[in-house]
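First comes the structure, then the notes that go with it.
Rule-based calculations on the coordinates, nothing more; no lab input. Bear in mind the structure is a predicted one, so any value in this text is a computation, not a measurement. All Cβ positions, glycine included, derive from the backbone under ideal geometry; neighbour counts span all protein chains shown.
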Amino acid sequence: MPRQISPFSRGFIIASKLYGKSHKECQEQLNQVQIQRQSKVIENLDTIGNLYRQYDQGKIDAGYSNCGREKKFDLNQENQIVDHFLENPKATLRSVQKNEDINPGNMSKSTISNILNNNGVSAFKRPKIMLINEDQKERRYTFAKKHLSWTRKWKRVLFSDECLLERGLIGNQYLWYSSREDIQPDQCLQTEKYPKNRIHIWGLISYDGSLYIEEIKGVLNSEQYCQMLERAFQSLDDGYLDDKIFQQDLARSHTAQFTKDYLEKINLELMEWIPKGADLSPIERIWAKLKGKLEELDYDNLTKEELYKEIQTYFYEDQGIKSQIKKLYESLPEKIKLIIESKGNQINI
């Protein structure tokens with residue numbers, strides 16, 4: 001065969017041969033079905049002709065399987081599985097595996113995944129969206145216009161942020177579609193700001209690789225926040241802050257008068273930040289990568305202390321983190337343009 005085709009297409013073609021369909025009739029009917037199934041795979045006449053000849057020569061049979069274990073499904077079951085995921089994109093491999101109506105042969109999750117992939121259906125990570133009102137859009141748009149000329153100046157900015165890690169809920173969720181563009185806004189995950197059962201951390205990053213991280217214990221007020229800033233800044237070299245610009249989000253402890261007085265006292269320039277700025281801040285992407293690292297651990301069986309040590313190890317010792325941070329800084333001018341183009345809406349990061 002000139003190329004690999006899906007089991008569904010192969011079975012359809014052999015069935016057409018058995019029913020006496022011509023090459024052209026088979027192609028028209030198969031491609032019409034593929035369009036209905038939202039599959040981008042379109043078979044040509046050469047492929048159909050090759051399969052017809054191989055069937056005539058006895059090289060393949062009506063079960064389109066030459067060797068190996070007997071399949072636990074037929075074309076109707078395959079079709080039912082694919083249709084189920086297209087109609088229910090939030091379905092999981094595990095739920096379908098245990099569904100006796102859809103999977104009476106008790107196929108494994110890997111077999112079900114192969115069926116989907118062979119029919120042009122893939123799993124896409126369920127995206128998260130922020131709810132942005134009109135006033136916030138306007139402020140984001142104004143900020144982006146003001147900083148459009150910034151290129152090298154971004155390298156002076158120290159980005160800071162807090163991160164909440166929920167025990168047992170770090171993993172991603174996926175949606176099954178033929179294309180990422182098919183994902184609807186109401187299928188995105190809405191995030192909570194203060195979930196339970198968590199570890200709370202604060203971090204600081206810079207373009208040149210200076211990093212700081214600290215666990216937050218309890219509710220963080222402005223006085224405790226400034227004490228943490230003091231520890232972070234003391235970890236830096238003397239004179240390091242002289243030409244730096246400090247970024248923080250709009251949390252209450254950050255915008256309190258006590259915090260403003262402290263930053264003015266140490267003569268540190270403060271960047272006026274935007275609401276819902278996670279799509280612009282480089283440190284947000286570092287948190288996302290951190291969560292990806294933690295997915296590889298037996299997270300539920302770690303104590304809080306062990307988990308924090310793993311976080312520190314990644315933040316301070318991972319070989320790629322500093323180069324990743326530089327790339328994120330260098331992408332900021334392009335992100336500013338995207339915010340302007342979207343009129344202040346969220347951008348894909």
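Quick one: grab the alpha carbon gyration tensor of segment 75-120, order the square roots of its eigenvalues as a ≥ b ≥ c, and give me rounded if a/c is under 1.5, else prolate or oblate depending on whether a/b is larger than b/c. In terms of gyration-tensor shape, rounded.
Taking 13 Å as the straight-line reach from the Cα of K343, the aspartates and glutamates in range (excluding those fewer than 8 positions away in the same chain) are E134, D135, E138. Segment 288-349 and segment 240-257 have Cα centres separated by 20 Å. Straight-line cross-link partners of K155 among the aspartates and glutamates, defined as a Cα under 20 Å from its Cα and at least 8 positions apart when in the same chain: D208, D237, D238, D242, D243, D249, E269, E272, D279, E284, E330, E334.
Nearest 5 is fine: what % of DSSP beta bridges in segment 134-341 come out antiparallel, could you say? Here the share of antiparallel DSSP bridges comes out near 70 percent.
Of the cross-linked pairs K265/K293; K217/K335; K289/K335, which ones have a Cα-Cα span greater than 30 Å in the structure shown?
Values: K265/K293 38 Å; K217/K335 33 Å; K289/K335 19 Å.
Too far apart for the 30 Å limit: K265/K293; K217/K335.
When each of I201, I13, I213 is scored by the number of other beta-carbon atoms lying within 10 Å, the sequence from fewest to most is I213, I201, I13.
When each of the peptides 157-163, 140-146, 309-315 is scored by how many other beta carbons lie within 10 Å of its residues on average, the order from highest to lowest is 157-163, 140-146, 309-315.
Which of F12, F258, F233 comes first, and how do the rest follow, when ranked by fewest Cβ neighbours within 10 Å?
Details: F12 24, F258 12, F233 17.
Lowest count first: F258, F233, F12.
Residues whose amide H lies under 5 Å from that of Y212, counting only those 5 or more places away or on a different chain, are L204; hydrogens are built 1.01 Å from N in the peptide plane.
Derived scalar couplings between HN and Hα for segment 11-25 equal x, 4, 5, 5, 4, 4, 4, 5, 8, x, 6, 6, 4, 5, 4 Hz in order, rounded to whole Hz, by the Karplus curve 6.51 cos²θ - 1.76 cosθ + 1.60 (θ = phi - 60°), x for Gly and Pro. Look at the dipole of segment 206-266 built from charges on Cβ: of F233, H254, I213, the Cα furthest out on the positive end belongs to H254.
When a footprinting reagent is the concern and you count Cβ atoms within 10 Å, what order do M228, M107, M271 take, fewest first?
Ordered by Cβ neighbours within 10 Å, fewest first: M271, M228, M107.
The ratio of the alpha-carbon radius of gyration of segment 79-164 to the globular-protein estimate 2.2 N^0.38 Å is 1.89. Sequence-ordered 3J(HN,Hα) estimates for segment 132-146 from the Karplus curve with 6.51, -1.76 and 1.60 and θ = phi - 60° stand at 10, 8, 5, 5, 5, 4, 5, 5, 5, 5, 5, 4, 5, 4, 5 Hz, glycine and proline given as x.
Note that segment 278-283 has calculated 3J(HN,Hα) couplings of 4, 6, 9, 6, x, 5 Hz, one per residue in order, obtained from phi through the Karplus relation 6.51 cos²θ - 1.76 cosθ + 1.60 (θ = phi - 60°); glycine and proline are x. Amide H to amide H, with H built 1.01 Å from N, L270 comes under 5 Å of F246, counting only residues 5 or more places away or on other chains.
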